[in-house]
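Visitor: A single structure is presented below for examination.
No value in this document is a laboratory result; all are computed from the given coordinates. The structure presented is a predicted model; accordingly, all values stated were derived computationally and were not measured. FYI the Cβ positions are ideal-geometry reconstructions off the backbone, even for glycines, and counts take in every protein chain you see.
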Amino acid sequence: MSEHDPSVLVVGGGGIGGIVAASLTELGGPVTCITHREEIARVLRERGARFREAEGERQIRGIQAFARLPEGHGPFSFILLAVQPPQVEEVARSFAPLLQAEGRMVCLQNGLCEQRIAPLVGASRVLGAVVGWGASSPEPGDYERTASGGFTLGYLDGRIDGPLEQLARMLECVGPVEISTNLLGARWSKLAINCAISTLGTLGGERLGVLVRRRRVRRLVLELMTEAVEVARAEGVRLEKVSGTLDLDWMALSPEERGASGSAGLVAKHSMLLAVGARFRRMRSSMLAAIERGRPPAVDFLNGEIVERGARHRIATPINALAQRMVHEIARKERRSSMATIQEFYEATGHLRGKERESLEE
């Protein structure tokens with residue numbers, strides 16, 4: 001980037017925010033990172049960000065990171081929100097005054113956060129960035145890419161303009177970028193996946209590769225996603241394929257498949273989940289990481305969103321409702337993240353699936 005490039009504020013120094021802030025800094029340009037933890041800000045300023053990727057390890061220095069924004073910073077052309085969904089509205093409200101009149105606030109969260117912050121900053125100034133890659137931050141300033149991928153960018157109204165194209169060019173330094181005229185479709189597809197993958201990762205306490213090797217876990221993934229797809233259809237959303245290949249409309253269970261113990265269609269869907277699990281095998285639930293750090297889980301913005309909107313359309317979503325409740329129980333330390341908890345979840349949903357209870361053992 002040159003001196004004439006837009007000023008960027010990244011709010012959040014976790015896995016996603018830290019990698020985005022460091023990558024933009026590496027390009028050169030006015031980039032500032034705000035993180036609520038002083039320790040992270042200090043490490044990023046003094047030592048820089050340390051990346052661990054499949055290609056090896058590298059370090060990026062010169063990151064302007066703070067726990068509190070110093071005077072004289074802003075206004076910003078882009079404010080990228082890389083906080084967890086439970087904090088997104090408060091953060092958007094706090095930083096809205098620092099957004100330029102023609103600036104854009106960008107949601108990197110899972111869920112449907114664009115609709116939540118649009119009333120706070122104006123819908124025309126809200127961009128969505130659906131993140132198609134995974135990251136974690138095991139230690140302050142240390143970042144690990146757990147899955148490759150890029151971004152899908154767009155507005156809720158589907159328009160394409162200069163700021164959208166400018167942001168797309170900037171984020172190419174992190175991963176490939178696709179501009180979409182159907183942001184809601186991309187968001188809902190990712191939401192359906194996260195309602196299964198992130199939530200089951202929280203219940204089970206394992207990385208994705210370990211989870212999806214178990215057939216009964218894959219069945220739970222399909223059940224959770226199916227309820228989400230049914231609600232999306234009722235909302236009038238046209239679902240987008242994830243990464244250009246994963247078709248959620250096809251993945252959703254038909255009424256016949258819900259009652260079947262096996263079929264050619266089910267075999268194909270289980271095979272697809274095995275392929276997804278192999279590709280993203282190192283991914284760990286960010287919701288579980290939030291709980292481990294004492295923060296509220298984002299389950300109300302994932303499974304809770306499905307339950308709430310399903311109720312509006314009189315669509316039953318009992319499996320997402322049970323998953324939501326059990327994640328809150330883990331957050332309250334009333335149960336542990338373990339495969340035994342996944343087993344309990346599967347057994348508790350047996351009557352909902354109309355199938356006999358089965359063991360998780362292969």
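Visitor: In degrees, nearest 10, range 0 to 90: what is the angle between the Cα axis of helix 183-204 and the longest Cα principal axis of the chain?
Guide: 70 degrees
Visitor: Another question about this same structure. If you add up the charges near Phe95, with Lys and Arg at +1 and Asp and Glu at -1, over every other residue whose beta carbon is less than 15 angstrom from its beta carbon, what do you get?
Guide: Net charge in that neighbourhood comes out at +2.
Visitor: Restricting attention to the stretch 1-69, which GluC sites (Glu not before Pro) occupy a DSSP loop and are surrounded by at most 10 other Cβ atoms within 10 Å?
Guide: Filter output for the stretch 1-69: Glu3, Glu55.
Visitor: Calculated FRET efficiency, Ser254 and Arg169, Cβ-Cβ r, R0 45 Å, to nearest 0.05?
Guide: Details: r = 42 Å, r/R0 = 0.93.
Here the calculated transfer efficiency is 0.60.
Visitor: Continuing with the same structure: For a protection proxy built on the mean count of beta-carbon atoms within 10 angstrom, sort 96-106, 198-208 highest first, please.
Guide: Working: 96-106: 17.5, 198-208: 24.5.
Packing order, densest peptide first, comes out as 198-208, 96-106.
Visitor: Lys and Arg at +1, Asp and Glu at -1: add these up for the other residues within a Cβ distance under 12 Å of Phe151 and post the number.
Guide: 0
Visitor: List every residue whose amide H lies under 5 Å from the amide H of Ala135, counting only residues 5 or more places away in sequence or on a different chain, with H placed 1.01 Å from N in the peptide plane.
Guide: Those lying under 5 Å, H to H, from Ala135 are Thr146.
Visitor: Another one. On a C-alpha basis, how far is the centre of the stretch 152-176 from the centre of the stretch 265-341 in Å? Whole number, if you could?
Guide: That distance is 29 Å.
Visitor: Now a separate question. Between Ser271 and Gln100, 0.36 nm times their residue separation minus their Cα-Cα distance comes to what?
Guide: Values: separation 171, 0.36 × 171 = 61.56 nm, distance 4.77 nm.
Result: 56.8 nm gained on full extension.
Visitor: Continuing with this model, one more query. Evaluate the relative contact order of the chain (contact order divided by residue number), counting alpha-carbon pairs under 8 angstrom at least 6 apart; express in whole percent.
Guide: Relative CO of the chain lands at 14 percent.
Visitor: Next question, about the same structure. Return the sequence-ordered ³J(HN,Hα) values of the stretch 288-298 in whole Hz as given by the Karplus equation 6.51 cos²θ - 1.76 cosθ + 1.60 applied to θ = phi - 60°, using x for Gly and Pro.
Guide: Per-residue couplings from phi come out as 5, 4, 5, 4, 5, 8, x, 9, x, x, 8 Hz.
Visitor: Hey, can you grab everything whose amide H is under 5 Å from the amide H of Val177? Only 5+ residues off in sequence or another chain; H modelled, so Pro and N-termini drop out.
Guide: HN-HN under 5 Å from Val177: Phe151.
Visitor: Here is a follow-up. Rounded, prolate or oblate, given the Cα gyration tensor of the stretch 35-160, with a/c below 1.5 counting as rounded? Mind dumping the intermediate values first?
Guide: Details: a/c = 2.12, a/b = 1.35, b/c = 1.57.
In terms of gyration-tensor shape, oblate.
Visitor: Which order, highest average first, do 121-127, 262-268 follow once you tally other Cβ atoms within 10 Å for each residue and take the mean per peptide?
Guide: Details: 121-127: 17.7, 262-268: 11.7.
For the peptides 121-127, 262-268, the packing ranking is 121-127, 262-268.
Visitor: OK, next. Considering amide H positions built from the backbone, and no H for Pro or chain starts, which residues 5 or more places from Arg282, or on another chain, come under 5 Å of its amide H?
Guide: Gly209
Visitor: Separate question: So what are the ³J(HN,Hα) numbers for the stretch 31-47, from phi and the Karplus equation (6.51, -1.76, 1.60; θ = phi - 60°), rounded to whole Hz, Gly and Pro as x?
Guide: Ordered by residue, 3J(HN,Hα) equals 10, 10, 10, 10, 9, 6, 9, 4, 4, 5, 4, 5, 4, 5, 5, 7, 10 Hz.
Visitor: Now, a different point. Under 10 Å, Cα contacts only: if you run a Gaussian network model on the chain, which one of Pro296, Pro85, Pro119 comes out with the highest mean-square fluctuation?
Guide: Looking only at Pro296, Pro85, Pro119, the biggest GNM fluctuation is shown by Pro119.
Visitor: On C-alpha positions alone, give me the angle between the axis of helix 215-234 and the longest principal axis of the chain, in degrees, nearest 10.
Guide: Relative to the chain, helix 215-234 is tipped by roughly 70 degrees.
Visitor: Pick from Arg293, Arg116, Arg332: which is most flexible by mean-square fluctuation in a GNM of the chain where alpha carbon atoms under 10 Å apart are linked?
Guide: Arg293
Visitor: PRE reach from Arg93 (point 7 Å along Cα→Cβ): which of the stretch 26-40 fall under 19 Å by backbone N?
Guide: Flagged as within label range: 36.
Visitor: Could I ask something else about it? How much length is gained if the chain between Arg61 and Arg45 is pulled fully straight, taking 0.36 nm per residue apart and subtracting their Cα-Cα distance, in nm to one decimal?
Guide: Contour length minus the Cα-Cα distance gives 5.0 nm.
Visitor: Relative to the longest principal axis of the C-alpha atoms of the chain, give the angle of the C-alpha long axis of helix 264-279, reported between 0 and 90° and rounded to the nearest 10°.
Guide: The angle comes out near 30 degrees.
Visitor: If you plug each phi of the stretch 333-342 into the Karplus form 6.51 cos²θ - 1.76 cosθ + 1.60 with θ = phi - 60°, what whole-Hz ³J(HN,Hα) values come out, in order, with x for Gly and Pro?
Guide: 6, 8, 8, 10, 6, 6, 5, 5, 5, 4
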